[in-house]
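Structure record follows, encoded as structure tokens.
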Amino acid sequence: MNALLSRLIAICRLRLGPQDMPYAPATAKALVVTVLMLEVVLSQLLDVPDGLLLPRTVLSAVMLVGAPWLLLHLRARSGRLVQTLIALAGTSLLFTLALVPLLLLTAASSVDPAAPAPLVSAAVLLLVVWKLMVNGHILRFALDWPPLAAALLALGLFLVELGLDQWLQGSIAT
């Protein structure tokens, strides 16, 4: 197994933190681009309206790169950005790959009522909660914050992104 992949899995298991990632700007860029491209492909598979594709991708990029940059800058820890981005984007990639079959099943259940929608929805919810825990764990070490504060920050960032995404959907639809 690739060393980076095994470290990302260890972060998902809350065993390592962003400080255990290599300082590799090219890897950070590649992971960010890969996550964004995967989100674009998923959006097309799930029939997201074309008018939402670019705004959602920009929003994802701002939340994935801009929010950590700003937070680290405000905490005078800008030198941690590359490792934090590798941890956030790498774990996001793993969670997105785990969500793909569940999202496709959810899309199928809207067409076929016999599909196991409640179980799929529960699995999606568990993955989202796990991802929030991992993001809080990463932010805890990156920002040197207490665990509860970092968990609340991760939840807040998630809710901001969700709210902005809902706003985008409403503004594009009207």
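Only the coordinates and a few stated rules stand behind these numbers; no lab work does. Because the structure is predicted, anything quoted here is derived from the model rather than measured. Positions of Cβ are generated from backbone atoms using ideal geometry, with glycine treated the same way; all protein chains shown enter the neighbour counts.
For L16, the residues 5 or more places off, or on other chains, whose built amide H falls under 5 Å of its own are I11.
Here is the list for region 1-71: trypsin sites (Lys or Arg not before Pro) lying in DSSP coil, each with at most 15 other C-beta atoms within 10 angstrom of its C-beta, are R13, R15.
Remark: F158, F141 ranked as F158, F141, counting other beta-carbon atoms within 10 Å and listing the fewest first. Remark: the L70-T34 segment gains 10.8 nm on full extension, using 0.36 nm per residue and subtracting the alpha carbon distance. The ratio of the alpha-carbon radius of gyration of the chain to the globular-protein estimate 2.2 N^0.38 Å is 1.06. Protection proxy ranking of 80-86, 142-148, 59-65, 70-76, by the mean of other Cβ atoms within 10 Å over each peptide's residues and highest first, is 80-86, 59-65, 142-148, 70-76. For region 136-147, the Karplus equation 6.51 cos²θ - 1.76 cosθ + 1.60, evaluated at θ = phi - 60°, returns couplings of x, 4, 5, 5, 4, 6, 5, 9, 6, 10, x, x Hz by residue, with Gly and Pro reported as x.
Normalising the average separation of contacting C-alpha pairs (under 8 angstrom, six or more residues apart) by the number of residues puts the relative contact order of region 31-156 at 23 percent.
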